[in-house]
1. Within region 1-37, restricting attention to residues that are of a type in the set (Phe, Trp, Tyr) and at pLDDT 90 or above, which residue is farthest from residue 77 (Cα to Cα)?
2. Is region 97-109 home to any residue that is open to solvent by 70 Å² or more (accessible area, probe 1.4 Å) and either modelled with pLDDT under 90 or among the β-branched types (Val, Ile, Thr) (or both)?
3. Give the residue, chosen from 127, 93, 86, that is open to solvent by 30 Å² or more (accessible area, probe 1.4 Å) and among the aliphatic types (A, V, I, L, M).
4. How many residues are at pLDDT below 75 and of a type outside the set (Gly, Ala, Ser) if we restrict to region 260-286?
5. Look through 21, 47 and report the one residue that is among the hydrophobic types (A, V, I, L, M, F, W, C), crowded, with 17+ Cβ neighbours inside 10 Å and without any contact (Cβ under 8 Å) to a residue 60 or more places away in the chain.
6. If you go through region 181-217 one residue at a time, how many are closer than 19 Å to residue 158 by Cα, more than 16 Å from the chain's Cα centre (by Cα) and of a type in the set (S, T, N, Q)?
7. Considering only residues of region 124-168 that are within 27 Å of the chain's Cα centre (by Cα) and not in a helix (DSSP H, G or I), which is nearest to residue 228 (Cα to Cα)?
8. Which of the residues spanning region 162-198 are closer than 24 Å to residue 79 by Cβ and hydrophobic (A, V, I, L, M, F, W, C)?
Amino acid sequence: MHVDSNQTITTEFVFRPFSSVPTTRWLLFVLFFLLYIAIVVGNTSIVWVVHTDRALQSPMYFFLGNLALLEVCYTTTVVPQMLASILDPCTTISLAGCGTQMFLFLGLGGTDCFLLAIMAYDRYVAICQPLRYPLIMTQKLCLRLVVAALSLAFLLSLELTALIFAMPFCRRQINHFLCDVPPMLGLACADIHIHQTVLFTVSVTILTVPFLLICLSYAFIGTAILRICSAQGRRQAFSTCTSHLTVVLQQYGCCSLVYLRPKSKSSEDEDRQLALIYTFATPMLNPLIYSLRNKDIKGALRRAVRRTITSHPH
């Protein structure tokens with residue numbers, strides 16, 4: 001790999017500021033901080049009720065609790081550094097810090113995608129093979145599926161992050177608010193064709209393959225629902241899937257636009273805007289979607305609030 005001797009190799013980075021106006025920066029700081037608090041509170045509430053409420057001790061809610069925990073970790077990987085950079089645009093992140101953020105962001109995001117595919121499989125077994133559901137979706141299998149999702153996602157993340165940070169970087173400002181792969185490739189002073197190919201391959205593995213499995217699961221689910229005789233039975237079966245489908249479309253839609261579409265000179269700003277959606281909007285909406293559309297979650301939250309109030313009398 002040849003590097004021009006006149007180029008300075010960068011060992012720390014700054015993120016491109018959202019605004020140069022101090023008042024606007026403060027407003028953005030408050031907005032993103034409040035969104036982050038909403039994400040943490042909402043998803044932590046889901047984790048809490050799933051862990052403590054006996055009525056939610058089933059594979060579907062086990063996976064939902066893990067998804068909510070992932071959302072908290074995923075957002076926490078990005079937001080604190082982002083908030084610091086909004087307040088002070090001169091805030092730097094080291095090469096090692098940037099690599100760590102990328103590794104965690106890609107690993108947790110990949111696990112999120114795999115977990116959504118696992119949740120679709122869980123719904124397939126529950127609706128298409130209801131009598132065998134307790135025999136198939138055992139506690140041991142559920143745990144193994146989550147561990148497999150984490151292991152595969154972080155293995156792919158490690159491979160991609162190591163490949164990216166083996167390159168020298170000649171520019172200091174990242175045109176983003178996090179150390180994501182596309183903007184980091186734009187800072188490299190080396191040939192990046194191999195890296196772009198590996199990024200596309202990893203993106204297909206993390207995004208396209210799970211999405212196709214989800215589509216296949218829902219094709220079988222849709223066929224099974226249509227065979228249910230009663231209208232009430234069809235509504236009940238369909239209602240258990242709509243929340244998951246809504247989350248899937250949000251997650252895969254935005255991520256696919258960033259990682260799978262052909263790159264153009266004007267795409268960096270669009271990538272940053274899309275990244276705001278899957279960093280803030282999707283993790284914040286997920287607990288709302290699941291809690292508002294699921295009577296079991298709503299009941300568990302009411303019972304949890306009632307227990308908290310009665311255990312702390314005035």
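The values are calculated or read from the model by the stated rules, or taken from the named source; none is laboratory data. As the structure is a computational prediction, the values presented were derived from the model and not from experiment. For neighbour counting, all protein chains shown are included, and Cβ atoms are generated from backbone atoms with ideal geometry for every residue, glycine included. Heavy atoms of the whole protein, side chains included, go into the accessibility calculation; ligands, DNA and RNA do not. Shrake-Rupley method; radii C 1.70, N 1.55, O 1.52, S 1.80 Å.
1. Within region 1-37, the match that is farthest from residue 77 (Cα to Cα) is 26.
2. yes
3. Testing whether each residue is open to solvent by 30 Å² or more (accessible area, probe 1.4 Å) and among the aliphatic types (A, V, I, L, M) leaves just 127.
4. Of region 260-286, the ones at pLDDT below 75 are 260-269.
Among the residues that remain, those that are also of a type outside the set (Gly, Ala, Ser) are: 260-263, 265, 268-269.
Summing the residues that are at pLDDT below 75 and of a type outside the set (Gly, Ala, Ser) in region 260-286 gives 7.
5. Numbers: 21 fails: crowded, with 17+ Cβ neighbours inside 10 Å.
Matching residue, one of 21, 47: 47.
6. Going through region 181-217 one residue at a time, the tally reaches 3.
7. 137
8. Listed by number, the residues that qualify are 164, 165, 169, 174, 177, 178, 179, 181, 184, 185, 187.
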